[in-house]
1. Go through segment 177-212 and report how many residues are free of Cβ contacts under 8 Å to residues at least 24 places away in the same chain, surrounded by fewer than 12 Cβ atoms within 10 Å (Cβ to Cβ) and not aliphatic (A, V, I, L, M).
2. Going by what's in this entry, would Gly301 be described as among the small types (Gly, Ala, Ser), in a helix (DSSP H, G or I) and either open to solvent by 10 Å² or more (accessible area, probe 1.4 Å) or modelled with pLDDT under 95 (or both)?
3. Would it be correct to say that Ser319 is among the polar types (S, T, N, Q) and touching a residue at least 40 places away in the same chain (Cβ under 8 Å)?
Amino acid sequence: MTDSQTAATEAKDQRPTEPEAAPVATGAAWRSRIGQGLQQFLAFGTLLALVLFFSLASPNFFTVSNLTSILLATAVIGILAVGTTFVIITGGIDLSIGTGMTLCAVVTGLLLTDMGLPLILGVLGGILFGALIGLVNGFNVTVLGLPSFIATLAMMMIAQGLALVLSGVRPIYLSGIPGFQRIALGQMIPGVPNAVLILFILALVLGVVLTKTVLGRMTYAIGSNEEATRLSGINTRRWLLGIYALAGACTGLAGVVMASRLSSAQPQLGMGYELQAIAAVIIGGTSLLGGRGTILGTLIGALIMSVLINGLRIMAVQSEWQTVVVGVVVLVAVFADNLRKRRAEGGGH
């Protein structure tokens, strides 16, 4: 009789605990969604403010030719940024995307010129080579246990060296390859360069992947708590390999688009693109600490970076100061991200 009374008392004491936990979790989720939506709204407002400022500062900014130039520049940065969004959501970083893009452009050029492959095979070869670079990065991070910063920094230097070696430190001109230039500069939709169309289609597809598929759920889960995800029985190594390979494939695609836009593979190009792409991801609301981010935010961030750099050039600001401004923007974005995290933790308590 005493045992049954004790059991009843314990059950009664435990009843309120479970319902109370759900509102806390739900409240935290809603705060995260609201904060993420607010970040995207602020980023979009910043984009509009920059467009308005540069339009008033220079009559050459808000013209059809210059806006097209901005969109073409956004295409390359955006493709890189959309891919690396997945890596950063997992709590990692990829510093190799800039020189990796250059190496993929060189490989594409060699496949089309020296080896004489058909256009589609040469382009596919460049994209797959990018996926291989990502796979090597993923292997170094997951299997060898290297920090992603070190692993991708090493790959950045390797890719830069290989691009110079394979090209003989000379541009590989591709203007003689029928149809290659149309990949970036052709217009399947009148007035919209194909490079821009590729970016938006890629962003749409990967946005669906991130929000509606198992890969997307695993990306967020690993970024939120990789150890807990692993202990729940999920093979986090396999998923991380796939995520890095996906980012690498985007790097390869960016290399193809860049080579098509320039009608050549420039082996000394690429350094600095990784900073612009990572800055676009952070400005768009993706947390460097992992677990949060959206493709839409990254797309807005890429547009902000392109508008900012183009506007500074239109105003004849020296390239050195342009780099300073980009650095300050990255610093402010990272500080804002840390501030949001501290506020979220404070709200959770």
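The values are calculated or read from the model by the stated rules, or taken from the named source; none is laboratory data. Computed from a predicted model, the values in this text were never measured in an experiment. All Cβ positions, glycine included, derive from the backbone under ideal geometry; neighbour counts span all protein chains shown. The protein model used for the area step is the full one, side chains on, heavy atoms only, and it has no ligands, DNA or RNA in it. Shrake-Rupley method; radii C 1.70, N 1.55, O 1.52, S 1.80 Å.
1. So the count comes out to 3.
2. Details: among the small types (Gly, Ala, Ser): yes; in a helix (DSSP H, G or I): yes; either open to solvent by 10 Å² or more (accessible area, probe 1.4 Å) or modelled with pLDDT under 95 (or both): yes.
Yes; evaluated as a whole, the condition is true for this residue.
3. On the way: among the polar types (S, T, N, Q): yes; touching a residue at least 40 places away in the same chain (Cβ under 8 Å): no.
Considered against the rule, which asks whether it is among the polar types (S, T, N, Q) and touching a residue at least 40 places away in the same chain (Cβ under 8 Å), Ser319 comes out as no.
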